[in-house]
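First comes the structure, then the notes that go with it.
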Amino acid sequence: MKRLITLLALLPSWLGILAQEADKTVLKIHYRTSARTHADDTLHQEDTHALFIGERTSKYLSLNTLRRNQALDSLKYRGKMSVAELSDVMNSSKMPKAGSTYMVIKGWPQEGQTVYIAPVLRTKYAVSDTLHPFDWQLLEGDTAVAGYQCQKAQCTWRGRTWTVWYAPELPYDNGPWKLGGLPGLVLHAEDAAGDFCFSAQEIIKGRGEPILPEKKLSYCTMKEYQSVKTKMESDPAGFISQMTGGRITLGGTLPDGTESVIPSHQPLFMESIEKK
């Protein structure tokens, strides 16, 4: 009897956990994005991102990367493939091209929180943050984005000044990346340096698609993640050798017999850990 009472007492908490496992999409927004990913980039990388807004949570990620991962999962489901076969499929023109690899989940794992997730090699690093920690200034001005009338707002946060256009007609305090916290959905955003830009192209009513939580995450601080990312980008071979404990050569061999070297880069981050 005591065991039964204990189980009944725990039942509400278990049901609560199960309820948090999957949210349902009520609205989906496709953004055309433009970003400089390295400090020495002279060109911007174009991508298409998607924001899935649910009843409690939201998930933001590259639509191109999502489609590529789904295609790879389909291949794995079919059965084992040789390295050569997998390489041919990966390089096939029919395989979706990958875009950016980070994602942002808002309202998870708890209400009022957001998690930034980005992989380095096979590790998915996750950085928790406060949801919508932006001090917006509402400004005069209006424009139309994706068929919706939008108002202007601006703020300076962690080293970047963001100007956004939000739609009061869409009452969701959300937007691309970590942006949100305004009386309407952010449909366009760009930073003053011109490094990053998000612009909504399509707004679709959700069909209840599940927004699933991420698993197997390695939680860390933003400083720790940026340190690992910088080490990887600035010295890929050295970083992989350090992680695996062996000497690694990347880049292959050129026709003249010399080894090609993957150039080092200084990654460009959307937020500075040194500035508020």
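The values are calculated or read from the model by the stated rules, or taken from the named source; none is laboratory data. Please read all numbers here as calculations on a predicted model, not as lab measurements. Counting neighbours? That spans all protein chains shown, and the Cβs are built from the backbone with ideal geometry, glycine included. Each accessible area value is taken on the protein alone, full model and side chains, heavy atoms only, with ligands, DNA and RNA left out. Shrake-Rupley method; radii C 1.70, N 1.55, O 1.52, S 1.80 Å.
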So, in region 33-58, exactly how many residues are within 17 Å of A98 (Cα to Cα) and hydroxyl-bearing (S, T, Y)? 4
Positions within region 195-224 being assigned to a loop (DSSP other than H, G, I, E, B) and either within 19 Å of the chain's Cα centre (by Cα) or free of Cβ contacts under 8 Å to residues at least 60 places away in the same chain (or both), in sequence order: D195, E209, L212, P213, E214, K215, K216, L217, C220, T221
Those residues of region 183-214 that are of a type outside the set (A, V, I, L, M) and touching a Pro at 6+ places or on another chain (Cβ under 8 Å) come to a total of 4
Sole exception among (1) open to solvent by less than 20 Å² (accessible area, probe 1.4 Å); (2) on the phi < 0 side of the Ramachandran plot; (3) in a loop (DSSP other than H, G, I, E, B) for V186, by number: (3)
Looking at region 160-176 only, could you name the residues that are closer than 18 Å to L131 by Cα, open to solvent by 10 Å² or more (accessible area, probe 1.4 Å) and part of a loop (DSSP other than H, G, I, E, B)? P171, Y172, D173, N174
Scope region 99-135; condition touching a Leu at 6+ places or on another chain (Cβ under 6 Å), touching a residue at least 60 places away in the same chain (Cβ under 8 Å) and small (G, A, S); matching residues: A126
All conditions in (1) open to solvent by 30 Å² or more (accessible area, probe 1.4 Å); (2) under 16 Å from Q137 (Cα atoms) are true of L179 except (1)
Taking region 120-154 as the search range and keeping residues that are among the aliphatic types (A, V, I, L, M), part of a strand (DSSP E or B) and over 21 Å from P213 (Cβ atoms), which one is most open to solvent (accessible area, probe 1.4 Å)? L138
Just to verify a result, which residue in region 52-86, among those that are basic (K, R) and over 24 Å from A118 (Cβ atoms), is modelled with the highest pLDDT? K80
Please work out if A153 is in contact with a Phe, Trp or Tyr (Cβ under 9 Å, 6 or more places away or on another chain), at pLDDT 95 or above and among the hydrophobic types (A, V, I, L, M, F, W, C). yes
